[in-house]
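Here is the structure we will look at.
The values are calculated or read from the model by the stated rules, or taken from the named source; none is laboratory data. Since the structure is predicted, the reported quantities are computational estimates derived from the model, not experimental observations. Please note: Cβ atoms are built from the backbone with ideal geometry, for glycine as well, and neighbour counts cover all protein chains shown.
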Amino acid sequence: MIDIIFCIFQTTTPLFIDGKFIESQTNEWIDIHDPATNEVVSRVPCATDSEMNSAVAAADRAFQSWKETSILTRQQVMFKLQDLIRTNSPEIAKIITMEQGKTLLDAEGDVFRGLQVVEHACSITSLQLGESLPSVAKDMDTYTYRIPLGVTAGITPFNFPAMIPLWMFPMALVCGNTSVIKPSERDPGAVMLMMKLAQDAGIPDGAVNVIHGAKRAVNFILDNPVIKAVSFVGSDQAGEYIYERGSANGKRVQSNMGAKNHGVILPDANKEATLNALCGAAFGAAGQRCMALSTAVFVGETKNWIPELVERAKKLKVSAGAEPEADLGPLITPEAKDRVCKLVQSGVNEGAGLILDGRDISVKGYENGNFVGPTILTDVKPDMECYTEEIFGPVLVTLNVDTLDEAISLINKNPYGNGTAVFTNSGAAARKFQNEVDVGQIGINVPIPVPLPMFAFTGSRGSFRGDTNFYGKSGIAFYTQTKTITSLWREEDATDKVAPTAMPT
Ligand code: NAD
């Protein structure tokens, strides 16, 4: 059992540098609120330059020995880490619910989907294999090694405080790198608990470190010459900036950003299953998932299913995430709630129908929380702000089209390419959809098609910058560089008698 008191009930969130939990000496602090009550539950420091430099120096020192640690030892550490995360998942989920607001069940899912990446990392002895080709010339062989990069960094968003850091530091470490994580300043608690678990799993001091802060900490990471690669997940504004500045400084950068995921409903779909899938994927986690199905495209007569969708959405229980009956919790901040409400109003002002309005919801016992109930906008047009902007709240915008071709064209004109889904019983329609839609992750009767970690998270177009995705084989490629060795071993009496000056062929 981890020492949960250490992190949760302290009034400040510590840094984690060189294997020690450290109270920051900064005088810049950010309050962390419980989104269900808006009460302050902790505060997070904006680490000083000297603290951030210590974290990178510790990671650099640790790299010198960690890169030489046998791959079997690194694998054993991952086995232990996965066991500890699994055992402590309920504790991690509790702190996620307190700081982020999502329901406890959903928070356990957050941990579990990250845990699967750690489980995948346990296959490193197969994943990190190089290639070899004997006899590329007489007595000459060529082989490759996938070697670590050095110190890597991760910058993470608020919406998956366990899963997304787990996309980063375990993959980086198991490949032989070391890591500096800057979690979201809104909910860093889950990462802090996982640092304790990492330590207990045998990850050496300095191999993984946590710094806190906002833009200054991000700039520090982007400008630090020791850091070789940066993994980012978050909004477009931050992601574009991080990709540009990190790349300009010669770093490898992978940047997963915003989304507008469309679900296409064809008339031959299973109505019951489709409406349930839409409800769960649009309103679950209060719509604060980058793979939330936030846009429903009803094809032909399926628009007549909308009243039934409304009835189902009305049945969802909105409450604090810690309440057992809650289906969806609050939004992360009052500002997030305000933004969502304004985008809903913009839809109304631009002519959309508002057939379910969750903006004025009051949750008994949690009157100060940032709650918005399930909201549905109908007859939305592609030029409306509620369509062009990522809303990131429990709001489903619905559009009507006549054909599958129109639905595909609509999706392909949208700048984002994170996820999409089609609901149908026609294999031919599904196949046409998967072939013609230009989106990185496609569900066929699967509303949130986040791939398991043996595959990669392959968001595309406006949802991604970089060329190597998170986890899967791509994750290994991101956190390693290839060294190619060509060797010549020849008996002495067969060696060259003259100096060869021409290009070898
Ligand atoms: P955010 O961009 O506000 O914050 C993410 C991280 O970037 C935080 O650590 C934050 O401190 C830092 N940051 C914020 N603004 C910055 C700036 N101007 N310059 C430099 N750094 C900055 O994102 P968020 O609100 O925490 O997360 C929600 C967003 O993340 C949504 O847009 C969602 O779609 C996206 N997201 C995408 C994926 C994906 O895989 N595509 C997954 C989860 C979330």
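The residue of region 1-30 that is nearest to Phe169 (Cα to Cα), among those that are at pLDDT below 95 and among the aromatic types (Phe, Trp, Tyr), is Phe6.
Consider region 478-505 and keep the residues that are without any contact (Cβ under 8 Å) to a residue 24 or more places away in the chain and of a type in the set (A, V, I, L, M, F, W, C). The one that is nearest to Pro451 (Cα to Cα) is Met503.
Only one of the listed residues (Thr156, Thr97) is within 30 Å of Pro334 (Cα to Cα), of a type outside the set (Asp, Glu) and in contact with a Pro (Cβ under 6 Å, 6 or more places away or on another chain). That residue is Thr156.
Residue count for region 160-175 under the criterion of being touching a residue at least 60 places away in the same chain (Cβ under 8 Å) and surrounded by fewer than 24 Cβ atoms within 10 Å (Cβ to Cβ): the result is 0.
Just to verify a result, which residue in region 297-311, among those that are among the aliphatic types (A, V, I, L, M) and under 18 Å from Ser409 (Cβ atoms), is nearest to the ligand (Cβ to nearest atom)?
Val297
Filtered by the rule that a residue be in a helix (DSSP H, G or I) and surrounded by 12 or more Cβ atoms within 10 Å (Cβ to Cβ), region 457-502 gives Gly472, Lys473, Ser474, Gly475, Ile476, Ala477, Phe478. Being closer than 20 Å to Met52 by Cα and touching a Ser or Thr at 6+ places or on another chain (Cβ under 8 Å) is a property that Pro267 lacks. Restricting to region 449-476, name every residue that is away from the ligand (no atom under 12 Å from the Cβ), touching a residue at least 60 places away in the same chain (Cβ under 8 Å) and hydrophobic (A, V, I, L, M, F, W, C). Scanning region 449-476 gives Leu452, Met454, Ile476. In region 186-212, the residue that is nearest to the ligand (Cβ to nearest atom) out of those that are within 21 Å of Gly109 (Cα to Cα) and not aliphatic (A, V, I, L, M) is Arg186. Taken over region 88-143, residues that are on the phi > 0 side of the Ramachandran plot and buried (at least 22 other Cβ atoms within 10 Å of the Cβ) amount to 1. Residues that are touching a residue at least 40 places away in the same chain (Cβ under 8 Å) and near the ligand (Cβ under 9 Å from one of its atoms) within region 239-254 comprise Gly239, Ile242, listed in sequence order. Please verify whether region 346-365 includes one or more residues that are at negative phi, in a helix (DSSP H, G or I) and of a type in the set (D, E, K, R). The answer is no; no qualifying residue exists.
Here Asp327 fulfils each of the conditions (1) of a type in the set (Asp, Glu); (2) within 24 Å of Ile164 (Cα to Cα); (3) in contact with a helix residue (DSSP H, G or I) (Cβ under 7 Å, 6 or more places away or on another chain) apart from (3). With respect to the conditions (1) under 22 Å from Phe160 (Cβ atoms); (2) in the same structural domain as Phe112 (by the TED database); (3) not aromatic (Phe, Trp, Tyr), Pro453 lacks only one, and its number is (2). For Ile332, the conditions (1) over 25 Å from Tyr416 (Cα atoms); (2) in a loop (DSSP other than H, G, I, E, B) are fulfilled apart from (1).
Could you please find all residues in region 346-376 being of a type in the set (Lys, Arg) and in contact with a helix residue (DSSP H, G or I) (Cβ under 8 Å, 6 or more places away or on another chain)? Please lay out each step first, then the result.
Filtering region 346-376 down to residues of a type in the set (Lys, Arg) leaves 359, 364.
Answer for region 346-376, where residues must be of a type in the set (Lys, Arg) and in contact with a helix residue (DSSP H, G or I) (Cβ under 8 Å, 6 or more places away or on another chain): just Arg359.
Among the residues in region 313-329, are any within 16 Å of the ligand (Cβ to nearest atom) and either surrounded by 23 or more Cβ atoms within 10 Å (Cβ to Cβ) or among the polar types (S, T, N, Q) (or both)? There is at least one residue in region 313-329 that is within 16 Å of the ligand (Cβ to nearest atom) and either surrounded by 23 or more Cβ atoms within 10 Å (Cβ to Cβ) or among the polar types (S, T, N, Q) (or both).
Residues in region 221-236 that are within 14 Å of the ligand (Cβ to nearest atom) and either farther than 24 Å from Ala162 by Cβ or crowded, with 22+ Cβ neighbours inside 10 Å (or both): Ile221, Leu222, Asp223, Val230, Ser231, Phe232, Val233.
Sort out which residues of region 255-296 are in a helix (DSSP H, G or I) and either within 13 Å of the ligand (Cβ to nearest atom) or aromatic (Phe, Trp, Tyr) (or both), and write them in order of number. Outline the logic, then answer.
Here is the first cut: in region 255-296, the residues in a helix (DSSP H, G or I) are 271-287.
Across region 255-296, the qualifying residues are Phe283, Ala285, Ala286, Gly287.
Number of residues in region 412-437 that are of a type in the set (A, V, I, L, M) and crowded, with 23+ Cβ neighbours inside 10 Å: the value is 2.
For region 150-178, filtered to residues that are polar (S, T, N, Q) and within 15 Å of the ligand (Cβ to nearest atom), the residue that is farthest from Gly206 (Cα to Cα) is Asn159. Of all residues in region 223-233, those that are in contact with a strand residue (DSSP E or B) (Cβ under 7 Å, 6 or more places away or on another chain), more than 24 Å from Arg86 (Cβ to Cβ) and of a type outside the set (Phe, Trp, Tyr) total 5.
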